[in-house]
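The values are calculated or read from the model by the stated rules, or taken from the named source; none is laboratory data. Since we're looking at a predicted model, the values are computed, not measured. Neighbour counts are summed over all protein chains in view; Cβ atoms, including those assigned to glycine, are modelled from backbone coordinates with ideal geometry. All accessible areas refer to the heavy atoms of the entire protein, side chains included, with ligands and DNA or RNA removed. Shrake-Rupley method; radii C 1.70, N 1.55, O 1.52, S 1.80 Å.
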Amino acid sequence: MNFYKKLLEIMNLSDEQYNLLTKKISFDDIEDPLNFQNIDTASERIKNAINNHEKIMIYGDYDCDGICSVSILVKTFKMLNYEVGYYIPSRYKDGYGINEKMVDLIHSKGYKLIITVDNGVSQYEALKKAKEYGIDVILTDHHEILHDIPDCYCIVHPFLKNKDNMPQCGAYVSFMLSIKLLDRIDNYLLSLASLATISDMMPLIHHNRNLVRLALEVIPQERFPQFLILLDNRFEDEKSLSFVLAPKINALGRVKEDNSVNKVVKYFVSNSEKEIVDLANVINSINDERKRITLDAFNSLNIDTIDNIIVTYIPNLKEGLIGLVAARILNQYSRPCIVFSKSENGLLKGSGRSLDGFSLAESFHKLDSLIEVYGGHALAGGLSIKEENLGIFTKEINKLCENVVIKEKEKKIIEMDQDDFNFDNCMLIKNLSPYGEGFDEPYLSYEIKSSNISLIGVNKQHAKGFINEKCSFIHFNIDKELLNKEYIKLIGRLEIDQYRGNKCVTFNVTEIK
């Protein structure tokens, strides 16, 4: 079977579907903002506010999606030559979403219109207070509407559309509103919405996919400094956004307890090259601190792998970092886990990660008598418990995990022939990008004689060799015991390397069996 057919088979695609997914697209393929109910109403209210010189406040969230959402609208207003206020709350001092205390402050400063982004659908009391003050609230959000819609001027939401209801991030909604206000699509705002779509793990299908595909063309063409500086001037594909840029944008909200996360909005909306560079240095520094703290916390753990679910307690770990440690434990041990840290009022705050087969949301529901508050879904969730309940909670959730069949996410793996490793086949895979939530990039596997592997590096800890004359392979930190076998199986992905204008294909090996 030729490689193209292998690729279609593993991705469960027909020829027609492959051609549809890889066809050239344009701005005409971007969703019409009028699909969103109430976007006309929101736009008219904003235009009236501008005409009447009303003070407008944009209120966001401290993660990458919330930051991009605020940045999109602040930049939109700058393009309209209208200054607005904005605020990203501190995870530690303000908590999630707009609250009554912040509404009091916003009112005291004379604001007449609030636009919530990436929050609002569950902030009933805050929006009620805003109405009492005579402040109109345009609610833009994407989180699940669990109960009634809060009393507000209007709501713009991806599940309140005329057609094509689907999960879309907060920044996507902000981007739709920007198109309506500017009466055009702006490349930079499109790129911010794409970053948030990837960071918030939205399914890369339909409108989300078109958005990200266009951004992947636009970013290297436009070379936006806010993107390239934090990427060290090396933009490759969607992985640059998900694995390099998004964690840096999230770092301030996770590490800093004050409101310095607002500096990231300033970074995204600034036109000053010096200010952008200075703020990039701050962001990089905080991200380095985030990585150090997370790694130190992980290395300090004494994991008991006898348990069905790993539950651990790190008293002094910042709340914004417990989820990152949980994710690292999951990746290392392939087992559900919950990491707790000390919160306030004698409570412990926890963040959990799981695999198919064990639902955290269901487990939390069954143990709600031991839990103060919880939320999330099957594979990720958060909760708060009393410190004295930690022991019994650990015991009971391990009971729930007994006899459960945990399934690691199944990889799509294509068995390769030696001649399959070439530039053309690499491009067949690349043309299907962007890959992400709901559309995973396939892995490739190839069996090779261990005698064909060379060890490189100061301590001979890395493996290198050639598949054929057109493709080399590289694997970092190899388990040298594997080389005792006559044959080993390499699993990884093809990448295109450019050196002095020449392109070559490299097989980046992520796993050896």
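Put the Cα centre of region 338-352 next to the Cα centre of region 309-330 and the gap is 9 Å.
Measure up K55/K75; K409/K485; K411/K513; K75/K266; K112/K263; K460/K480 against 18 Å on the Cα-Cα distance and list the ones that go over. Over 18 Å Cα-Cα: K409/K485; K112/K263.
For E437 and I149, a Förster radius of 30 Å and the Cβ-Cβ distance give a FRET efficiency of 0.70, rounded to the nearest 0.05.
Rounded, prolate or oblate: pick one for region 151-286, where a ≥ b ≥ c are the square roots of the eigenvalues of its C-alpha gyration tensor, a/c under 1.5 means rounded, and failing that, prolate if a/b is larger than b/c, else oblate. Judged from the Cα gyration tensor, region 151-286 comes out prolate (a/c at least 1.5, a/b above b/c). Ranking M166, I46, S285 by how far each Cα lies toward the positive end of the dipole of the chain (charges on Cβ) leaves S285 at the top.
Once the Cα-Cα distance is subtracted from the 0.36 nm per residue extended length, the N162 to D29 segment shows a gain of 46.2 nm. When the solvent-accessible area of region 162-283 is split by element, carbon and sulfur atoms take up 47 percent of it, the probe being 1.4 Å. Towards the positive end of the charge dipole of the chain, with charges on Cβ (+1 Lys, Arg; -1 Asp, Glu), say which of F393, I478, S433 has the farthest Cα. The residue sitting most towards the positive pole is I478. Protection proxy ranking for 445-455, 297-307, using the average of other Cβ atoms within 10 Å per residue and placing the highest first: 445-455, 297-307. Here the dipole of region 249-297 is about 120 debye; that uses its Cα centre as origin and unit charges on the Cβ of Lys and Arg (positive) and Asp and Glu (negative).
Placing +1 on the Cβ of every Lys and Arg and -1 on the Cβ of every Asp and Glu, with no other charges, gives region 196-344 a dipole of roughly 80 debye about its Cα centre.
For region 166-227, applying the loop criterion from DSSP together with a ceiling of 15 other beta carbons within 10 Å to the trypsin sites (Lys or Arg not before Pro) yields R184, R223. A simple charge model with +1 on the Cβ of Lys and Arg, -1 on the Cβ of Asp and Glu and nothing else charged puts the dipole of the chain at about 980 debye relative to its Cα centre. Taking 0.36 nm per residue of separation and subtracting the current Cα-Cα distance, fully stretching the chain between Q498 and L105 would add 136.2 nm.
For the chain, averaging the sequence separation of C-alpha pairs within contact (under 8 Å, six or more residues apart) and dividing by the residue count gives a relative contact order of 11 percent.
The simple spin-label model puts a point 7 Å past each Cα toward its Cβ; for D94 and T41 those points are separated by 2.6 nm. The overall shape of the chain is oblate: from the C-alpha gyration tensor, with semi-axes ordered a ≥ b ≥ c, the ratio a/c is 1.5 or greater and a/b is no larger than b/c. Can you figure out the FRET efficiency of Q418 with E132, using R₀ = 60 Å and their beta-carbon distance, to the nearest 0.05? It comes to 0.25. Once the chain from L231 to Q332 is taken as fully extended at 0.36 nm per residue, the excess over their C-alpha distance is 33.7 nm. Taking a point 7 Å out from the Cα of Y313 in the direction of its Cβ, the residues of region 387-409 whose backbone N falls within less than 13 Å of it are 387-395. For region 416-467 versus region 85-154, the inter-centroid distance based on Cα atoms is 49 Å.
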